[in-house]
Amino acid sequence: MKILVINAGSSSQKSCLYDLTDNHLSKHSIEPIWIADIDWTEAKHQGILTVKANGTITNDIINYDNYCQQISKILNTLIQGKTRVLKNFSEIDIVGHRIVYGGKDYSAATLITPDVKAAIASLIPLAPTHNSLNLQGIQAIEQILGKIPQVAVFDTAFHCHIPLKSAAYPIPYEWLEKGIRRYGFHGISHKYCAEKASQILNRPLTSLKLVTCHLGNGCSLAAIKNGISIDTTMGFTPLEGLMMGTRSGSIDPAILIHLIHKYDFTANQLNTMLNTKSGFQGISGISSDLRSIIQAVNEGNSRAQLAFDMYIHRLRLHLGAMLGSLGGLDTLVFTAGVGENSAIVREKTCEAFRFLGLKLDRKKNNNSPVNTDIATDDSTVRIIVIHTEEDLAIAQECWSIFNQKDLHL
Ligand code: ADP
C-alpha cells in the first residue's frame, strides 16, 4: 500500500512515500521509498528541493509562490526523472498530513472530511502559521490527486487526555472556556517513542511510567503513564516549557508587560523575539545549533557556556516537574536531533537524578546509541535513546484507518 506523508513546517517541508505491507505495521524502522525535503532557511523566497529515491539524490531550486504549485512540483518527482518511483499518481492509496493543532476535540488520527477541514480552519486563529499551511496542503492534494482519502494526524492528539488541572492556566476561567489552555505538541513523536520504548524493553506500555525528552530545534517533555500522556512541557503554543534553539521556553509573563510599557514593544516584535531570537541563539549570540554552541564552549566562549548551562538547568527542572506528575519513573527516553546525538546533554541531564538510582552507562552513552538502553545494569530507571520517526508513525496511522473494516472510502 502506497502512503504519501506530508509534513509541513514553517521553515521546512518534508514529504515521503512509504510502501507498507501487513508485516510493516508493528515494525518501527521502515525506510520510505521516496523522500522530498524543502529547506526554506537559505532565502525567504527560494528553497532547495532535495529528493532521494532509487539510490539517487537530486537538488532543485523551488520558489516560494503558490503552495499548490510547490506541492505539484514536489509530487512530479514521484512520476518523472531519476527519482521516479510511480507510473502515475493513481498508485497512491492514501495521504497522511501532520496537523500541528487539533485542539481539544481530536484525540486520534482521523479521515479528513469537510467537518475536519472546517475544524482545522477554525483553529487557525490559535495557530496561524501551522494550521493554515496544513489546510493548504490538504487542498493542494485535492487539486493535484483528486478524490483520494486523506488523514489528519494531530501533533496535539496524544496529549488530549492530560487532566484539566494540568491543562488549565490559572487565569480567569472565561479564558479556559475560550480555548486558552495547554494542548502540548510533538505528540506524534512522544507516542512513537513510548511505543518503541515498550518494544525495546519488551514490557507492555500499560506497565510503564515514562518521560520522553524530544530535544530538537523545538524541545518538549511528556510524562506518560500506562501509555497515556498525562503531562507535557509545551502548552497553548510550542513556546512554553524548555529552552530551545531559538525559542525562550517559559519566562515570567510580566517581562512582556514590562517590554510593552517601557519599550513600546508590539505583539509582532514580542513574537519574533520569543520565537526566533531567544534560546541558544539569543543567549549565545552565536547559533541555535547545539553543535556550534559546544564548539564555542570548547573555545572558551562564556556566553555559549551560559547558554549550555541554562539549557541543561531548565531541562532538569522540567524533568523534575514531569516526575512530580508521574509519581515515579521507570524509563527515560531521549530523542530528536539533540536527544539522539548529544552524549553530553544526556549525561548532564541524568547526573541530577542519580539520587533516584538512575545511572547512565557512560561507555554506552558515548557510543552513538540508537534504539538502545544506555542505563547501567543496576540502574533503577532504564534510559533509552530512540530515533524518532514521525513520518513513519503518520504512515502507520493512515494504514490503520485505511484498513478499518467499516470505513467506506
Ligand atoms: P527539528 O526540531 O527541526 O526536527 P531536529 O530534531 O533535527 O530538529 O534537531 C536539530 C538539532 O539537533 C540541531 O539544531 C542541533 O542542535 C542538534 N544536533 C544534531 N546533530 C547533533 C550532534 N551530533 N550533536 C549535538 N547536537 C546535534
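The values are calculated or read from the model by the stated rules, or taken from the named source; none is laboratory data. Bear in mind the structure is a predicted one, so any value in this text is a computation, not a measurement. Don't worry about glycine lacking a Cβ; one is built from the backbone with ideal geometry, like all the others, and counts go over all protein chains shown. To get the accessible areas, we keep the full protein, side chains included, count just its heavy atoms, and leave off ligands, DNA and RNA. Shrake-Rupley method; radii C 1.70, N 1.55, O 1.52, S 1.80 Å.
Computed values, structure above
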| quantity | calculated |
| --- | --- |
| Dipole magnitude of the stretch 296-409 about its Cα centre (Cβ charges: Lys, Arg +1; Asp, Glu -1), debye to nearest 20 | 460 |
| Dipole of the chain, positive end: most advanced residue of LEU201, LEU329, ALA53 [Cβ charges, Cα centre] | LEU329 |
| Per residue solvent-accessible surface (Å²) - the chain, probe of 1.4 Å | 47 |
| Largest-first ordering by accessible area, 1.4 Å probe, given options ASP60, ASP330 | ASP60, ASP330 |
| FRET E, pair GLU347, ASN88, Förster distance 56 Å, beta-carbon r, rounded to 0.05 | 0.65 |
| Unit charges on C-beta of K, R, D, E only; dipole of the chain, Debye | 440 |
| Neighbourhood net charge (13 Å Cβ-Cβ; Lys/Arg +1, Asp/Glu -1) for PHE89 | +1 |
| Where Rh is the Kirkwood radius over Cα pairs, Rg/Rh for the chain | 0.96 |
| Within the accessible area of the stretch 62-178 (1.4 Å probe), percent carbon and sulfur | 53 |
| Candidates LYS262, LYS87, LYS209, ranked by Gaussian network fluctuation over the chain, Cα under 10 Å, top entry | LYS262 |
| Cα gyration tensor category, rounded, prolate or oblate, for the stretch 284-409 with a/c compared to 1.5 | prolate |
| Test item: Cα-centred dipole of the stretch 150-258, Lys/Arg +1 and Asp/Glu -1 on Cβ, debye | 340 |
| Protein accessible area in the stretch 350-409, 1.4 Å probe - carbon and sulfur % | 49 |
| Beta bridge orientation in the chain: antiparallel %, DSSP, nearest 5 | 70 |
| Folded to 0 to 90 degrees: helix 67-79 orientation relative to the chain principal axis, Cα | 70 |
| With 5 Å bins from 0: P(r) over the stretch 111-217, alpha-carbon pairs, percent | 2, 10, 15, 17, 17, 15, 13, 8, 3, 0 |
| Overall Cα dimensions of the stretch 50-100, principal axis frame, Å, largest first | 30, 28, 19 |
